[in-house]
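The values are calculated or read from the model by the stated rules, or taken from the named source; none is laboratory data. As the structure is a prediction and not an experimental result, all values here were calculated from the model. All Cβ positions, glycine included, derive from the backbone under ideal geometry; neighbour counts span all protein chains shown.
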């Protein structure tokens with residue numbers, strides 16, 4: 001069998017990603033969700049210090065189920081890889097490159113419904129390529145059932161490609177989504193993998209496997225999060241629960257602005273600020289002391305002592 | 001005249017700083033402000049990776065005039081200067097050191113009243129010492145009268161010590177309090193100076209002058225902000241103005257978590273998270289598009305085209 005050309009591969013990834021964006025917007029927006037995603041299509045020619053690219057940023061605000069949600073597709077091309085990308089791969093310095101991805105953050109209004117984040121991305125520079133992606137879940141009122149279902153969906157998606165993936169990607173997720181200054185995980189985890197190709201230690205994947213993993217992960221996120229939302233969206237909530245959720249959303253802001261590499265790289269490299277910060281919640285509160293120690297007592301074990309727990313064990 | 005001993009100097013700075021904290025808490029808290037500062041006194045013995053120190057964090061939340069305000073006094077001592085401090089001064093590596101300061105952030109509820117920030121600090125390692133400090137103002141609904149009065153207070157405080165200070169400290173403030181990813185200043189500026197001693201280019205100050213500047217700056221902040229608050233606190237405000245203020249408070253969060261060196265150093269070095277994040281507003285909102293272009297049209301010139309304006313010219 002001949003290796004498909006780079007162009008054929010890029011087209012296949014592009015089509016999957018735009019299709020995934022459509023599917024997510026149709027599933028989590030529309031009359032059944034009481035809110036629509038508005039699509040902002042953008043195109044940017046090459047400019048000093050900025051990358052040539054385009055994309056569609058889909059944002060829903062003020063919906064019945066989702067207070068704020070974003071599903072962004074973007075593709076950028078550059079004549080020269082930036083230094084941050086070539087530090088690990090000096091042989092790539094100066095090469096033309098392409099990066100494509102879909103990023104998702106969804107903040108439901110109901111404090112019983114968790115915030116979710118997902119990302120799938122593809123990077124190519126000539127004959128070198130990588131895949132990356134993953135999804136993680138941030139509850140405010142935790143349900144063990146949700147954590148188990150979330151991790152089962154993650155494991156099934158990974159195992160369909162290779163049994164080596166889930167254990168590594170789960171661990172990577174736990175390490176990455178951690179607020180060091182709080183001593184807390186961002187949520188109950190999931191999977192996260194970066195820079196995966198046929199040379200990746202522990203989980204080498206062929207191009208076909210990398211693309212298969214991208215599709216399994218994107219689709220599993222859609223299905224798993226839709227299930228969580230359907231389970232939680234109709235649970236009645238109190239002002240007390242809502243206040244606690246808004247306080248905990250401050251942690252989400254802290255993680256994204258202090259630690260998240262994608263956010264910081266985007267802001268520093270002249271990315272589209274509003275598209276990068278679509279991950280911010282609609283509203284976040286801060287207080288010197290937690291407003292609710294009883295609710296802390298339910299949530300914090302999930303973010304501390306249960307961190308890294310094998311929910312499928 | 002003999003040079004006073006290091007201990008005498010440290011005591012003098014300590015007494016000024018604790019007195020300044022008391023004065024700020026009494027002036028901006030109490031029945032006349034509809035809210036009290038609660039004092040959290042802390043002491044920390046030396047621990048791995050953390051500094052020995054203590055202090056009093058005074059926080060007011062849910063007040064009538066101030067939604068959230070913090071006035072923190074802290075002093076830390078360490079057996080060895082951290083690498084971040086000795087990069088610029090390699091001769092200090094491994095020395096014992098002491099740092100003391102008062103940090104202030106006040107977020108009023110009324111959108112006509114600006115947020116303010118001030119900091120005065122002293123650092124000593126044997127016979128080497130530095131002073132640093134300054135204050136800046138972040139309006140949501142701008143008043144030229146406030147900007148002029150604020151800069152007049154800043155200039156007068158600096159000029160009482162040396163006419164070289166204000167022009168440099170004003171420029172440094174404009175450079176520092178800038179959100180690169182937004183192309184916006186945080187506010188209308190003020191003054192900011194760092195690492196000042198008798199060898200500082202452009203504004204060399206003796207120890208006595210450095211201490212005098214600390215006192216002038218601390219006192220000028222108190223007087224100038226009290227005046228602004230009295231001018232604005234009784235202006236009736238609308239829900240529309242309030243919504244815009246909460247949206248703009250998102251920018252304050254972005255600056256502090258993405259750019260502020262003190263915040264990031266504190267979070268990374270194992271500082272007391274809640275004390276460091278007392279600078280966060282009680283509440284902040286994010287939206288893909290500004291909720292109010294008319295209010296933007298009034299505010300944004302102050303943060304863009306008027307940035308660096310000589311308000312006293």
Q. For residues in the range B:42-71 being loosely packed, with under 14 Cβ neighbours inside 10 Å and under 22 Å from the mean Cα position of the chain (by Cα), which is farthest from residue A:291 (Cα to Cα)?
A. B:42
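How many residues, within the range B:262-280, are at negative phi, outside any helix (DSSP H, G or I) and either out of contact with any helix residue (DSSP H, G or I) (no Cβ under 9 Å at 6 or more places or on another chain) or facing another protein chain (nearest Cβ under 7 Å) (or both)? Walk me through it before giving the result.
Just the residues of the range B:262-280 that are at negative phi, to begin with: B:262-269, B:271-280.
Now restrict to residues that are outside any helix (DSSP H, G or I): B:269, B:271-272, B:280.
Filter once more, so that each one left must be either out of contact with any helix residue (DSSP H, G or I) (no Cβ under 9 Å at 6 or more places or on another chain) or facing another protein chain (nearest Cβ under 7 Å) (or both): B:280.
The total comes to 1.
Looking at residue B:217, is it in contact with a strand residue (DSSP E or B) (Cβ under 6 Å, 6 or more places away or on another chain), crowded, with 20+ Cβ neighbours inside 10 Å and either more than 30 Å from residue A:267 (Cα to Cα) or at pLDDT below 95 (or both)? Give the derivation first.
On the way: in contact with a strand residue (DSSP E or B) (Cβ under 6 Å, 6 or more places away or on another chain): yes; crowded, with 20+ Cβ neighbours inside 10 Å: yes; either more than 30 Å from residue A:267 (Cα to Cα) or at pLDDT below 95 (or both): yes.
Spelling it out, residue B:217 is indeed in contact with a strand residue (DSSP E or B) (Cβ under 6 Å, 6 or more places away or on another chain), crowded, with 20+ Cβ neighbours inside 10 Å and either more than 30 Å from residue A:267 (Cα to Cα) or at pLDDT below 95 (or both).
Among the residues of the range B:242-255, is there at least one that is outside any helix (DSSP H, G or I) and over 22 Å from residue A:289 (Cα atoms)?
Scanning the range B:242-255 turns up no residue that is outside any helix (DSSP H, G or I) and over 22 Å from residue A:289 (Cα atoms).
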Q.
Could you check the range B:293-308 and list, in sequence order, the residues that are buried (at least 16 other Cβ atoms within 10 Å of the Cβ) and outside any helix (DSSP H, G or I)?
A. B:306, B:307
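Could you list, in sequence order, all residues of the range A:265-280 that are farther than 9 Å from residue B:288 by Cα and under 16 Å from the mean Cα position of the chain (by Cα)? Spell out how you get there, then give the answer.
Residues of the range A:265-280 farther than 9 Å from residue B:288 by Cα: A:265-273, A:276, A:279-280.
Once the filter is applied, which keeps residues that are farther than 9 Å from residue B:288 by Cα and under 16 Å from the mean Cα position of the chain (by Cα), the range A:265-280 yields A:265, A:266, A:276, A:279, A:280.
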(Q) Considering only residues that are in contact (Cβ under 8 Å) with a residue 60 or more places away in the chain, over 20 Å from the mean Cα position of the chain (by Cα) and exposed (fewer than 15 other Cβ atoms within 10 Å of the Cβ), which ones fall in the range B:150-199? (A) B:183
Q: Scan B:248, B:226, B:232 and give me the residue that is touching a helix residue (DSSP H, G or I) at 6+ places or on another chain (Cβ under 8 Å) and within 14 Å of chain A (Cβ to nearest Cβ).
A: B:248
Q: Return the residue satisfying two criteria in turn: it lies in the range B:282-292 and is in a loop (DSSP other than H, G, I, E, B) and at the interface with chain A (Cβ under 7 Å from one of its Cβ atoms), and of such residues it is farthest from residue B:246 (Cα to Cα).
A: B:288
Q. When you go through (1) over 26 Å from residue B:259 (Cα atoms); (2) touching a helix residue (DSSP H, G or I) at 6+ places or on another chain (Cβ under 6 Å); (3) crowded, with 21+ Cβ neighbours inside 10 Å one by one for residue A:202, which number turns out not to apply?
A. (3)
Q.
Could you go through the range B:119-136 and let me know if any residue there is in a strand (DSSP E or B), within 14 Å of chain A (Cβ to nearest Cβ), at pLDDT 95 or above and touching a strand residue (DSSP E or B) at 6+ places or on another chain (Cβ under 7 Å).
A. no
Q: Filter the range B:183-195 for residues that are touching a strand residue (DSSP E or B) at 6+ places or on another chain (Cβ under 7 Å), farther than 15 Å from residue B:155 by Cα and at pLDDT 95 or above and give the result.
A: B:185, B:186, B:187
Q: Mind listing whichever residues of the range A:220-249 are surrounded by fewer than 23 Cβ atoms within 10 Å (Cβ to Cβ) and farther than 25 Å from residue A:25 by Cβ?
A: A:236, A:237, A:238, A:239, A:240, A:241, A:242, A:243, A:246, A:247
Q) Which condition number does residue B:208 fail, the rest of (1) in a helix (DSSP H, G or I); (2) without any contact (Cβ under 8 Å) to a residue 40 or more places away in the chain; (3) surrounded by 23 or more Cβ atoms within 10 Å (Cβ to Cβ) being met? A) (3)
Q) Which condition number does residue B:240 fail, the rest of (1) under 25 Å from residue A:264 (Cα atoms); (2) more than 10 Å from chain A (Cβ to nearest Cβ) being met? A) (1)
Q | Candidates B:53, B:49, filtered to the one that is out of contact with any helix residue (DSSP H, G or I) (no Cβ under 8 Å at 6 or more places or on another chain), within 14 Å of chain A (Cβ to nearest Cβ) and at pLDDT below 95 | A | B:49
(Q) Taking the condition of being farther than 26 Å from residue A:39 by Cβ and more than 8 Å from every other protein chain (Cβ to nearest Cβ), how many residues in the range A:251-261 meet it? (A) 4
Q: Tell me which residues, restricted to the range A:1-16, are assigned to a helix (DSSP H, G or I) and out of contact with any helix residue (DSSP H, G or I) (no Cβ under 8 Å at 6 or more places or on another chain).
A: A:6, A:7, A:8, A:10, A:11, A:14, A:15
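Based on this model, can you work out whether residue A:39 counts as buried (at least 19 other Cβ atoms within 10 Å of the Cβ) and on the phi < 0 side of the Ramachandran plot? Don't jump to the end; show me each part of the working.
Numbers: buried (at least 19 other Cβ atoms within 10 Å of the Cβ): no; on the phi < 0 side of the Ramachandran plot: yes.
In short, no.
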Q: Identify, by number, the condition in (1) closer than 17 Å to residue A:111 by Cβ; (2) in a helix (DSSP H, G or I) that residue A:215 doesn't meet.
A: (1)
